[in-house]
């Protein structure tokens with residue numbers, strides 16, 4: 001089974017900010033262009049300190065990629081889509097189909 | 001008429017185009033990223049709509065990605081080998097509304113995971129430190145009791161590349177007596193992270209499918225604590241404290257602290273938010289690095305022990321479509337109190353000498369307000385106001401100042417422009 005990385009990333013972001021809302025089934029996210037934004041965008045509202053919690057939650061949801069997630073900088077200026085692509089690559093490298 | 005034509009041109013959506021191909025190493029699929037959402041229509045995901053080279057790559061399916069509406073994910077019958085140059089050409093792609101584009105093409109070369117990771121790490125290290133970003137803000141005009149002079153407020157947090165471990169450097173310095181905290185701190189910090197939603201994400205990590213994830217999420221989103229708090233940070237740090245521009249007084253200090261951090265919560269409708277933290281317990285202990293300094297009774301070892309507590313909050317508002325001249329406001333308010341268990345060295349502004357504090361409580365508060373009035377392609381500009389009061393180690397120079405400055409900073413977060 002393929003792992004839906006986008007869903008887990010969106011849930012991990014929503015765990016630190018009320019500005020992001022995720023519906024699991026059917027999958028949808030508010031704001032709809034979440035993956036084109038940066039973490040510190042005013043429609044996402046994540047701070048550098050909250051990046052620590054985002055990473056910790058994402059590592060628990062995707063334990064196969066935990067080591068590589070550790071390497072993501074706690075810098076809220078990162079683009080969410082680029083972080084997601086990196087996590088997808090890390091999972092695939094760990095042998096998990098994405 | 002000219003104005004109407006200009007308004008019509010302004011209202012037209014940008015043409016649809018491919019921004020990049022993302023080839024995940026060792027995967028049997030790749031992503032085509034568009035500059036805006038692609039329509040949920042059969043024509044966009046029709047295999048006959050895509051011409052892919054090399055021809056040896058057989059396409060199994062094309063699908064929109066549920067949470068990323070600007071992506072088409074192309075699944076292949078086999079994995080793409082590193083070094084393969086992939087080119088895609090779409091017959092017709094429909095975007096939002098009536099938007100349509102023909103013959104959109106893009107290409108990329110598949111790389112190994114090591115090269116993919118290297119490119120990502122290089123990208124994230126390319127961001128400027130916040131002190132560089134706010135380089136114009138860091139030189140401010142300050143007004144204390146008399147006169148107006150300059151100052152510096154610098155914070156750097158270089159990444160050491162070790163999970164949980166970061167280094168830091170902070171200088172708070174002003175040339176104006178009464179506005180100079182004479183505070184320098186540099187060291188390394190290990191941070192433990194305890195997310196409030198950790199149990200939920202551990203269950204998601206074991207979930208079999210999306211239906212199970214939906215049940216887990218529904219079961220865990222009821223508690224008030226979960227709704228309010230993002231989690232707890234536990235810090236352990238070793239640092240050098242100095243006076244900012246000299247080490248006439250210098251301490252080596254070990255520190256541990258616990259912080260509770262809130263989630264980001266909505267404030268003033270959809271344009272604003274707030275978040276905050278509470279530091280109920282922290283301990284700083286160490287010693288002065290200079291022997292027999294200050295005081296009427298010289299001592300061999302100048303031991304330090306302090307209890308620390310603090311809190312802070314951030315309010316943010318942004319609306320670049322507002323008719324009001326103020327488009328973006330950031331308010332940061334932070335306070336910290338320290339209870340000194342031993343007397344320490346202190347800077348006396350009157351005598352310009354160091355003597356000694358008594359034991360007891362020392363506080364420091366800072367309120368920063370940034371008001372942005374406009375922005376361009378180069379950055380945002382506005383005003384910065386700051387109020388500081390109290391005293392900070394290592395010399396507890398008393399500060400009571402109001403600072404005012406013009407602010408120009410690069411807009412390297414995603415922004416809406418008018």
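Computed from the coordinates by the stated procedures, all read-outs in this text should not be read as laboratory data. Please read all numbers here as calculations on a predicted model, not as lab measurements. Cβ: placed from backbone, ideal geometry, glycine included. Neighbour counts: every protein chain shown.
Couple of notes before you dig in:
- Calculated FRET value between residue B:121 and residue B:221, using beta carbons and R₀ = 35 Å, to 0.05: 0.55
- Once you reduce segment B:161-216 and segment A:1-50 to the center of their Cα atoms, the two points are 18 Å from each other.
- In terms of surrounding Cβ atoms within a 10 Å radius of their Cβ, A:93, B:271 rank from fewest to most as B:271, A:93.
- Ordering A:28, A:52 from the fewest to the most neighbouring beta carbons within 10 Å gives A:28, A:52.
- Overall form of segment B:303-398 per C-alpha gyration tensor (a/c, 1.5; a/b vs b/c): prolate
- By the count of other C-beta atoms within 10 Å, a proxy for reagent exposure, B:180, B:235, B:355, B:209 are ordered fewest to most as B:209, B:355, B:235, B:180.
- Cα gyration tensor, segment B:8-128 - rounded (a/c under 1.5), prolate or oblate: oblate
- Computed E for residue B:350/residue B:168 - FRET, C-beta separation, R0 30 angstrom, nearest 0.05: 0.40
- Report summary: the helix-based calculation at 222 nm, which adds -39500 (n - 2.57) for every DSSP H run with n ≥ 4 and divides by the residues of the protein assembly as shown, gives -5500 deg cm²/dmol.
- Prolate/oblate/rounded label for chain A (Cα gyration tensor, a/c 1.5): oblate
- For segment A:58-98, backbone nitrogen atoms closer than 17 Å to the point 7 Å from residue B:84 Cα along Cα-to-C-beta are found at A:89, A:92-93, A:97-98.
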